[in-house]
Amino acid sequence: MSDNTPDINGPKGISRRGFIAGTGSILGVAALAGRAPAAWAGAAPAPAPIADGARVPALVIGTGYGGSVAALRLAQAGVDVHMIEMGMAWDTPGPDGKIFCNTREPDYRSYWLRTRTKAPLNYFLGFPIDRNIPRHTGILDAEEFGGITVYQGRGVGGGSLVNGGMAVTPKRENFGAVLPSVNADEMYGVYYPRANAGLGVGTIDPAWFDSTACYQYARVGRKHAQRSGFPFVFVPDVYDWDYMKQEAAGTVTRSALAGEILYGNNHGKKSLQQTYLAQARATGRVAISPLHKVTSVAPAAGGGYAVVIEQLGTTGDVTATKTVTADRVFFAAGSVGTSKLLVMLKATGALPNLNDEVGRGWGDNGNVMCGRANHMWDPTGALQSAIPCCGIDNWAAGGAFAEVAPLPTGIETYASFYLSITNNPHRARFSWNAATGKVDLDWQASWKQPSIDMAKTIFDKINAKEGTIYRTDLFGVYKIWGDHLTYHPLGGAVLNKATDNYGRLTAYPGLYVIDGSLIPGNTSVNPFVTITALAERNIEKIIATDL
Ligand code: FAE
């Protein structure tokens with residue numbers, strides 16, 4: 001078993017205070033499997049989740065990057081923290097002995113409360129590949145708004161459970177546009193290095209890259225980029241590169257090389273469960289309630305904030321409603337989760353004094369996908385590591401940074417596949433819809449056109465040079481662009497606009513935002529290192545001045 005095997009709640013690791021405080025995920029999987037999961041046999045009973053009527057010094061909504069940084073640093077400063085997470089704990093094997101299911105065989109674990117998968121790449125050779133699944137509190141949420149589907153991770157670890165682990169620090173010359181009100185010297189001198197260290201970021205061994213079969217697709221991507229004169233860059237990742245070498249050598253259980261990624265990696269990836277959250281656990285001051293969803297935050301009569309929480313069963317049913325009181329509340333529910341909560345709380349009168357910037361400034365990080373059809377003499381390989389390791393940088397000249405992404409189908413496809421991050425200027429707004437009782441997002445499908453145009457500055461040129469064409473069979477019947485989605489929601493509670501310059505919701509002392517909703521729509525590269533670094537910066541200030 002690798003060092004990276006999730007052991008977050010193993011018998012040896014349970015702290016006296018209890019780290020994972022929920023049991024719903026365990027019961028749900030046991031019910032489906034028809035037997036008690038092996039990992040829990042002989043383990044100490046799971047501690048009770050947060051109790052109705054509890055009072056806590058700090059409550060963190062969400063267990064993604066922002067929430068994990070906040071919890072760790074608060075705990076290290078001596079503050080007891082309770083984290084509330086709507087998704088499952090992801091610490092218990094299913095009937096197949098694995099915690100996470102494979103991208104090629106999505107099952108009940110794959111999607112958040114859907115009866116049919118909604119794969120980002122939903123066609124192959126022109127045929128739809130989605131399939132029916134049991135409704136379950138699965139790991140990947142494909143949340144649909146009018147003009148865009150937003151993919152997000154659900155569970156203890158947030159997006160780190162489902163993402164590719166690409167850990168990219170933006171180029172310094174681009175930072176002024178990413179976070180205009182933040183001191184770049186401090187970020188590049190202190191907080192980016194701190195975030196990269198905390199996340200366990202590393203880069204592929206270039207010699208191994210040049211020789212391993214599993215990155216043939218990336219070498220083809222490099223060759224094509226360079227022949228068209230584009231800068232090719234290696235991209236750091238949190239995957240354990242030594243573990244991947246052993247996967248290729250056949251000495252350990254395969255994860256990246258077995259197509260695991262979108263619905264979780266059983267080995268090799270250092271998700272937040274292995275990094276920030278493991279460190280938080282070690283303090284003995286952090287508890288987590290999985291399958292608990294925050295639905296309201298409002299000033300409490302005796303000071304602090306009353307937080308209403310729904311406890312969920314694994315079919316999404318509400319099994320209990322609790323009200324707890326927190327001296328401080330950190331909104332870390334992700335760009336969409338935090339924005340939806342704040343917009344709803346302002347509109348419905350729970351937090352009426354939130355300012356009018358709340359809900360604004362949301363962007364998709366300019367995400368757009370496409371594939372290219374290579375010649376038969378240019379195969380990309382049947383064995384493809386699911387973890388991307390390189391990109392094509394045309395940001396300055398064309399407004400696009402393209403990940404050379406895998407198509408880990410297990411067969412030779414002769415396809416090159418890319419996720420581009422582009423400098424799309426459009427920003428959307430979340431607003432409360434009283435008629436439906438839901439929060440809407442006014443993103444328009446047509447707003448992806450600038451992203452397509454920017455991505456074309458790379459791929460039209462490569463196609464012309466190579467004598468190749470776009471694939472038209474990956475997103476529908478004769479559809480070139482995957483322009484219906486984003487993996488990188490950002491904004492909705494923008495720093496220095498909806499909050500002060502450190503994430504404080506100033507109308508309500510003790511309320512903070514500390515996740516991707518602070519970033520105004522684009523980071524020029526993959527976002528989680530910037531989300532982590534900004535959280536490190538902000539929590540340091542908050543601990544120094546507010547506690
Ligand atoms: P996030 O990680 O989304 O955490 C928010 C947490 O809050 C989630 O666990 C939610 O379940 C939970 N939550 C939401 N609402 C509530 C509520 N009301 N009550 C309780 N809990 C709640 O937020 N980024 C990269 O930099 N590199 C990559 O390679 C990369 N690949 C990606 C691939 C995929 C398929 C996806 C979906 C995303 C990818 N991302 C990648 C994006 C990255 O995961 C994302 O920017 C971060 O996870 C956002 O971090 P936050 O802390 O903002």
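For each pair in LYS98/LYS171; LYS340/LYS448; LYS98/LYS245, compute the distance between the two Cα atoms and list the pairs where it is over 27 Å.
Too far apart for the 27 Å limit: LYS98/LYS171.
What is the projected area of the convex hull of the Cα atoms of the chain, averaged over all directions, in nm²? Can you show the working numbers first?
Details: hull surface 92.6 nm².
Computing the convex hull of the Cα atoms and averaging its projections yields 23.2 nm².
Rounded to the nearest 5, what % of DSSP beta bridges with both residues in the chain are antiparallel?
Working: 56 of 78 bridges.
Expressed as a percentage, antiparallel bridges in the chain total about 70.
Counting only Cα, what are the radius of gyration and maximum Cα-Cα distance Dmax of segment 142-296, in Å?
Spelled out, the Cα radius of gyration and Dmax of segment 142-296 are 18.4, 55 Å.
Arrange the following residues from fewest to most other Cβ atoms within 10 Å of their Cβ: GLU412, GLU403.
Arranged by neighbour count, lowest to highest, GLU412, GLU403 become GLU412, GLU403.
Is the shape of segment 64-184 best called rounded, prolate or oblate, per the rule: a/c under 1.5 gives rounded, else a/b larger than b/c gives prolate, else oblate, with a ≥ b ≥ c the square roots of the Cα gyration tensor eigenvalues?
oblate
Add -39500 (n - 2.57) for each DSSP H run of 4 or more in the chain, then divide by its residues: what number comes out at 222 nm, to the nearest 500 deg cm²/dmol?
Helices in the chain give a 222 nm mean residue ellipticity of -7000 deg cm²/dmol.
At a threshold of 8 angstrom on Cα-Cα distance, excluding pairs fewer than six apart, so keeping six or more, what relative contact order does the chain reach in percent?
22 percent
Please give the peptides 308-314, 283-289, 370-376 ranked by average Cβ packing (other Cβ atoms within 10 Å per residue), highest first, as a rough proxy for protection.
Per-residue Cβ counts within 10 Å, averaged per peptide and sorted highest first, yield 283-289, 308-314, 370-376.
Could you grab the Rg to Rh ratio for segment 445-492? Cα atoms only, Kirkwood for Rh. Walk me through the intermediate numbers first.
Values: Rg = 12.7 Å, Rh = 12.3 Å.
My calculation puts Rg/Rh at 1.03.
Working from the alpha-carbon coordinates of segment 453-547, get Rg over Rh, Rh being the Kirkwood radius.
1.22
Going 7 Å from the Cα of ASP185 in the Cα-to-Cβ direction, what parts of segment 504-547 have a backbone nitrogen less than 20 Å from that spot?
Inside the label zone: 534, 537-538, 540-541.
Along the three principal axes, how long is segment 199-284 when you take its alpha carbons, biggest first, rounded to the nearest angstrom?
54, 29, 24
Calculate log10 I(q)/I(0) of segment 273-333 for q = 0.12, 0.24, 0.25 Å⁻¹, where I(q) comes from the Debye formula with a single equal point scatterer on each Cα and nothing for solvent.
-0.39, -1.05, -1.06
Hey, what angle do you get for helix 216-227 against the long axis of the chain, alpha-carbon based, 0 to 90 degrees rounded to 10?
Taking the Cα atoms of the chain, the angle to 216-227 is about 70 degrees.
What is the packing order of peptides 483-493, 234-244, taking the mean over residues of other C-beta atoms within 10 Å and listing the highest first? Don't jump to the answer; show the numbers that get you there.
On the way: 483-493: 26.5, 234-244: 23.1.
Ranked by mean Cβ neighbours within 10 Å, highest first: 483-493, 234-244.
Based on the mean of other beta carbon atoms within 10 Å per residue, what is the order of 335-341, 425-431, 161-167, most packed first?
335-341, 161-167, 425-431
Could you give me the ³J(HN,Hα) list for segment 152-162, computed from phi with Karplus coefficients 6.51, -1.76, 1.60 and θ = phi - 60°, whole Hz, x at Gly and Pro?
8, x, 10, x, 5, x, x, x, 5, 6, 10
Under a plain spin-label model, where a point goes 7 Å from the Cα along Cα-to-Cβ, how far apart in nm are ARG55 and ASP327?
Taking the two extended label points, one gets 1.0 nm.
May I ask for the Rg/Rh ratio of segment 302-435, computed from Cα atoms with Rh as the Kirkwood radius, given to two decimals?
Taking Rh as the inverse mean 1/r over Cα pairs, Rg/Rh reads 1.15.
Where the centroid of each part is defined by its Cα atoms, how far is segment 472-488 from segment 348-391 in Å?
Each part's Cα centre sits 12 Å from the other's.
Quick check on segment 81-136: what are the equivalent-ellipsoid semi-axes from the Cα gyration tensor, as sqrt(5λ), descending, whole Å?
Working through the eigenvalues yields semi-axes of 26, 14, 10 Å.
Just so you know, all these numbers are worked out from the coordinates, no wet-lab data involved. Quick caveat, the model's predicted, so the values are computed rather than measured. Note: ideal-geometry Cβ built from the backbone for every residue, glycine included; neighbour counts use all protein chains shown.
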